[in-house]
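Step one of this worksheet: look at the structure below.
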Amino acid sequence: MVGGTTPNEARLLIVGLGLIGGSLAAALRAAGFTGTIQACDPDPGEIARGIEMGLIDAGDTRLAPLVEGATLIVLAVPVLAMRSVMTELAAALPAEALDGEAPRVVITDVGSTKAAVRDCALAAFGRLPAGLVLGHPIAGSEKSGVAAANPRLYVNHKVILTPAAETAPAAVARVQVLWRACGAEVLEMDVDRHDQVLARTSHLPHLLAFSLVDTLARQDERLEIFRYAAGGFRDFTRIAGSDPVMWRDIFTANREAVLASLDDFEAGLGRLRQAVEAGDGDAMLAIFDRASHARHYFDSLLNQTSYQAEYQMQEQGRLTFRAAPGGRVAGRIRVPGDKSISHRSIMLGALAEGVTEVKGFLEGEDSLATLQAFREMGVAIEGPHQGRVTVHGVGMRGLKAPSGPLYVGNAGTAMRLFSGLLAGQAFDSELIGDASLTKRPMGRVADPLRLMGAKIDTAEGGRPPLKIHGGQALKGITYDMPMASAQVKSCLLLAGLYAEGETRVREPAPTRDHTERMLTGFGYRVDREGDTCWLKGGGKLTAAPIDVPTDISSAAFFLVAAAITPGSNLILEHVGINPTRIGVINILQLMGADLRLFNEREVGGEPVADLHIRYAPLKGIDIPVDQVPLAIDEFPALFVAAACASGTTRLRGAEELRVKESDRIQAMADGLATLGVKHSVVEDGIDIVGAGGSDIAYGGGRIDSLGDHRIAMAFVVASLRAGGEIVIDDCANVATSFPGFTELARVVGLRVSEETQEVRA
Ligand code: S3P
């Protein structure tokens, strides 16, 4: 059986037994429909074939004899034939059969345009009967006739119903059951909206295919063209092979909406023509890049899930990691590029004058979301290809208004930095994110931006979405940050680029300074004195190459893995060791880790080194409070180190951990509790009592990562000292910061596998 409940109709009458009507009958039969199915068709051969195929029980070329006793009538005739069919039905059916809260007879149709069919109904019945439910299954095929009927034609396709105010909800429900039984997803829309949407998504593409194929088919060298038809043109000929009569009817019926979409298309084509004529490569690239990524982008936006197709599929199921206990880590590896720097490379590259070449870009969900958002604002961006991205800067005032909300997925950094940057633009914008990001606080950026003169609306409690009203004159402010946040600092500095005068930000403790370094690298002056940094608005950025170091936050998982496991010996290459990021190194060394930096050098304004770590017994420590902001993303991994150290590790002053991708203090505490690690939680930290020794430190168990990438990876690392398997649920978001994590973990010796669990029925 394909769909949900089978329809409880005594007699179904299909008017027009072609591919669409025949496939409906076939699907219902396959779904176990036990009522009678009859069909009316002007072609007696179609009826005979339908009976022979076992799709229908009986049929006739005349409508009137079939109407009596029918409980559900499906009109599967061309739109232009609708009027005469409805007039016949109106004459054959007693008026009250279609009226009331639960009409005895329900009529629905499959026409591709709805306003025209509604007009036919008004003309035929003199009103819109309660039992009339207009609908449109978005499915078809170039084949025609009942012989081509396909019971799976509607499986996972959408059916749009367009009920009117007069339509009885009970009638809508019966039509819903009908289509769901065929495996379709049923949606509702109003008639005009339906026609506009279909004009753009279906009618216009068909119009273009008909026109293009016809134009080329009438040129002198047409034989050559068709002989070499391949790729793109072949696809056009496939679409242009659709039923001409049906399409004539559709364009006649949906004239206004089709013309409006054609006008938009002509304007777009005009812009592209201009770019080609002027040899404007950037303009072409901006259009092509945006278009070539549009499908993924809109899929992820619609589902509010991840950007990359492979992870989208995993999310439809749920990604689980299974880590077998024990093992050790050894080898020489390179983790992916730094997330913070990758975000900023796109942002500043886009606003710069000139072309920015980026190497080592993190091809993770978060930074890809930033990249795509800039494409939406008209920036031409090539790549990423193996970490290389080319950003064709548009200058400080060159961004264009996006055509809809900008979706930044799971990325807090993107949303907060964007808010500052967008507050300075001339256009309005809206920032949205996934379920986790939608719960995170944005007042911390919206409030100071408002002090600068920005106009920003948030949802309740300062949560996303953020609506940013463009065209505001920003003024520089002096802002004393209430929390040590690089995102807030960076947001204000980016807004400050557009503000009059100086924007000064004081931080209560040092936070990562990638924005300041990169601005300087792009020729923009940023000053610092003690805990305050500032810049003056109105300058410009000049493109410069960016070599993204690998992410110390990703390296941290492997540092801890080696630090806790006897026999481990690991080298991590090219790791970013910016002094504002090395809390994890300092803390591990304080705990007694055998961790050495070598090959120290500077690339593109950021210090990097290779890290060599070997096992050494760890001891619990009081984590110095000044290290907390410098290790803020590494605590999930460090908690695992603490669970293996001898004695208690005490963390305080880390309340910010509660507003990360999850409440990381609680999420880690819950996981540690599952493994049997003794700990006690306080508002701003945790005490963890480590097992010490060199053997099994705690048990195994099943852990919920709460969709937080770093919680998931931390518990994979924990398996090295566990007594049993650790199973971690909800791990798809590991792709936000560390694509390929489990592969790399296996390379160094962890025994982790991935498994997708179906969540769909
Ligand atoms: C980041 C800053 C930190 C960090 C985040 C990335 C950045 O957030 O946790 O993963 O790139 O600026 P806060 O600014 O909220 O501390």
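The values are calculated or read from the model by the stated rules, or taken from the named source; none is laboratory data. Bear in mind the structure is a predicted one, so any value in this text is a computation, not a measurement. For neighbour counting, all protein chains shown are included, and Cβ atoms are generated from backbone atoms with ideal geometry for every residue, glycine included. Accessible surface areas use protein heavy atoms only, side chains included; no ligands, DNA or RNA. Shrake-Rupley method; radii C 1.70, N 1.55, O 1.52, S 1.80 Å.
Under a 5 Å amide H cut-off, with hydrogens placed 1.01 Å from N, Ile107 pairs with Ile73, Leu132, Val133 among residues at least 5 apart or on other chains. Taking a sphere under 14 Å around the Cβ of Trp179 and counting the other residues whose Cβ falls inside, with K and R at +1 and D and E at -1, yields a net charge of 0.
Normalised Debye scattering of the stretch 407-530 at q = 0.18 Å⁻¹ gives log10 I(q)/I(0) of -0.91, counting only Cα atoms as equal scatterers and leaving out solvent. At an R0 of 35 angstrom, the distance between the Cβ atoms of Thr438 and His385 translates into a FRET efficiency of 0.65.
For the stretch 639-761, just say rounded, prolate or oblate: build the C-alpha gyration tensor, square-root its eigenvalues into a ≥ b ≥ c, call rounded for a/c under 1.5, and beyond that prolate if a/b exceeds b/c, oblate if not. Oblate is the answer for the stretch 639-761, as a/c is 1.5 or above yet b/c matches or exceeds a/b. Here the 3J(HN,Hα) profile of the stretch 454-462, calculated from phi with Karplus coefficients 6.51, -1.76 and 1.60 at θ = phi - 60°, is 6, 10, 9, 9, 10, 6, 3, x, x Hz, Gly and Pro shown as x.
The residue among Pro402, Gly131, Tyr698 whose Cα reaches farthest toward the positive pole of the charge dipole of the chain, with charges on the beta-carbon of Lys, Arg, Asp and Glu, is Tyr698.
At full extension, Arg83 and Asn569 could sit 167.0 nm farther apart than now, given 0.36 nm per residue minus the alpha carbon distance. Does the stretch 7-189 classify as rounded, prolate or oblate by the C-alpha gyration tensor (a ≥ b ≥ c root eigenvalues; a/c under 1.5 gives rounded; else a/b over b/c gives prolate, otherwise oblate)? Taking the square roots of the gyration eigenvalues as a ≥ b ≥ c, the stretch 7-189 is rounded. Of all beta bridges that DSSP places with both ends in the chain, some 60 percent have antiparallel geometry.
Taking the protein heavy atoms of the stretch 532-650 in the context of the full set of protein chains, the accessible area attributed to carbon and sulfur is 53 percent at 1.4 Å.
Phe598: net charge of surrounding residues, Cβ under 14 Å, Lys/Arg +1, Asp/Glu -1, itself excluded?
Values: positive: Arg332, Arg596, Arg601, Arg614; negative: Glu573, Asp594, Glu600, Asp610.
The answer is 0.
In loop segments of the stretch 168-221 as defined by DSSP, the GluC sites (Glu not before Pro) with at most 10 further C-beta atoms inside 10 Å of their C-beta are Glu221.
Applying 1/(1 + (r/R0)^6) with R0 = 35 Å to the Cβ-Cβ distance of Ala473 and Asp280, what FRET efficiency is obtained, to the nearest 0.05?
0.65
Which angle between 0 and 90 degrees, to the nearest 10, do you get for helix 115-125 versus the longest principal axis of the chain when only C-alpha atoms count? In the chain, helix 115-125 runs at an angle near 40 degrees to the longest axis. Annotation for the stretch 605-662: GluC sites (Glu not before Pro) lying in DSSP loop with at most 10 further Cβ atoms inside 10 Å of their Cβ do not exist.
Considering only protein heavy atoms and a probe of 1.4 Å, how much of the accessible area of the stretch 195-303 is carbon and sulfur, as a whole percent? The C+S portion of the solvent-accessible surface of the stretch 195-303 is 57 percent. What you get for the chain, charging only the Cβ of Lys and Arg (+1) and of Asp and Glu (-1), is a dipole of about 980 debye around the Cα centre. Toward the positive end of the charge dipole of the stretch 195-303, about the Cα centre and with charges on Cβ (Lys, Arg +1; Asp, Glu -1), which of Ala267, Ile225, Ala199 goes farthest? Going by the charge dipole, the pick is Ile225. In the chain, one over the average inverse separation of all distinct C-alpha pairs is 29.6 Å, which is the Kirkwood hydrodynamic radius.
What the phi angles of the stretch 618-628 give under the Karplus curve with 6.51, -1.76 and 1.60, with θ = phi - 60°, is a coupling list of 9, 10, x, 9, 8, 6, x, 4, 5, 8, 4 Hz, glycine and proline written as x.
Per residue, the chain reaches -11500 deg cm²/dmol at 222 nm when only DSSP H runs of four or more residues are counted, each adding -39500 (n - 2.57). Computed with a 1.4 Å probe over protein heavy atoms only, the accessible area of Met377 comes to about 0 Å².
Its Cα centre serving as origin, the stretch 195-303 has a Cβ charge dipole (Lys and Arg +1, Asp and Glu -1) of approximately 260 debye.
Can you give me the accessible area per residue for the chain, using a 1.4 Å probe, in Å²? Spell out each step's value before the answer.
Details: 30220 Å² over 761 residues.
The answer is 40 Å² per residue.
How high is the FRET efficiency between Lys619 and Ala673 when r is their beta carbon distance and R₀ equals 22 Å, given to the nearest 0.05?
Working: r = 23 Å, r/R0 = 1.03.
The formula returns an efficiency of 0.45 here.
With Cα atoms defining each centre, the stretch 157-234 and the stretch 354-421 are spaced 33 Å apart in the structure.
Roll a 1.4 angstrom probe over the protein heavy atoms and tell me the percent of accessible area of the stretch 7-189 that is carbon or sulfur. Intermediate results must be reported in sequence, preceding the final value.
Numbers: 3710 of 7070 Å².
C and S atoms contribute 52 percent here.
Please report the relative contact order for the chain, taking Cα pairs under 8 Å with a sequence separation of at least 6, and give it as a percent rounded to a whole number. Relative contact order here is 11 percent. Exceedance of the 20 Å cut-off in Cα-Cα distance is limited, within the set Lys359/Lys489; Lys114/Lys158; Lys467/Lys660; Lys619/Lys660, to Lys359/Lys489; Lys467/Lys660; Lys619/Lys660. Taking each residue as 0.36 nm, the span from Glu500 to Thr201 lengthens on full extension beyond its C-alpha to C-alpha distance by 103.2 nm. To the nearest ten degrees, helix 486-497 and the longest principal axis of the Cα atoms of the chain are 70 degrees apart.
I need the GluC sites (Glu not before Pro) found in the stretch 667-745, filtered to DSSP loop residues with at most 12 other beta carbons within 10 Å of theirs. Kindly include the intermediate steps, with their values, before the conclusion.
Working: sites: Glu683, Glu725, Glu743; in loops: Glu683, Glu725.
Counting only loop positions with at most 12 other Cβ atoms within 10 Å, the GluC sites (Glu not before Pro) in the stretch 667-745 are Glu683.
The phi torsions of the stretch 396-410, fed into the Karplus equation with coefficients 6.51, -1.76 and 1.60 and a -60° offset, translate into couplings of 4, 10, x, 5, 10, 4, x, 7, x, x, 8, 9, 10, x, 8 Hz, rounded to whole numbers, with Gly and Pro shown as x.
Once the Cα atoms are used to define both axes, helix 82-92 deviates from the longest principal axis of the chain by about 60 degrees. The Cα atoms of the stretch 627-679 give a gyration tensor whose axes a ≥ b ≥ c have a/c of 1.5 or more with a/b no greater than b/c, which makes the shape oblate.
What is the stretch 195-303's relative contact order, in percent, from Cα pairs under 8 angstrom and six or more apart in sequence? Don't skip to the end; give the middle numbers.
Values: 43 pairs, mean separation 33.4, N = 109.
In percent, rounded to a whole number, it is 31.
Dipole magnitude of the stretch 7-189 about its Cα centre, charges +1 at Lys/Arg Cβ and -1 at Asp/Glu Cβ only, in debye to the nearest 20?
Values: 14 positive and 18 negative charges, 70 e Å.
For the stretch 7-189, the charge dipole is close to 340 debye.
On full extension, the segment bounded by Arg238 and Ala294 gains 17.9 nm, given 0.36 nm per residue less the C-alpha separation.
Taking the charge dipole of the chain about its Cα centre, with +1 at Lys and Arg Cβ atoms and -1 at Asp and Glu Cβ atoms, the residue from Met452, Val628, Pro94 reaching farthest to the positive side is Val628.
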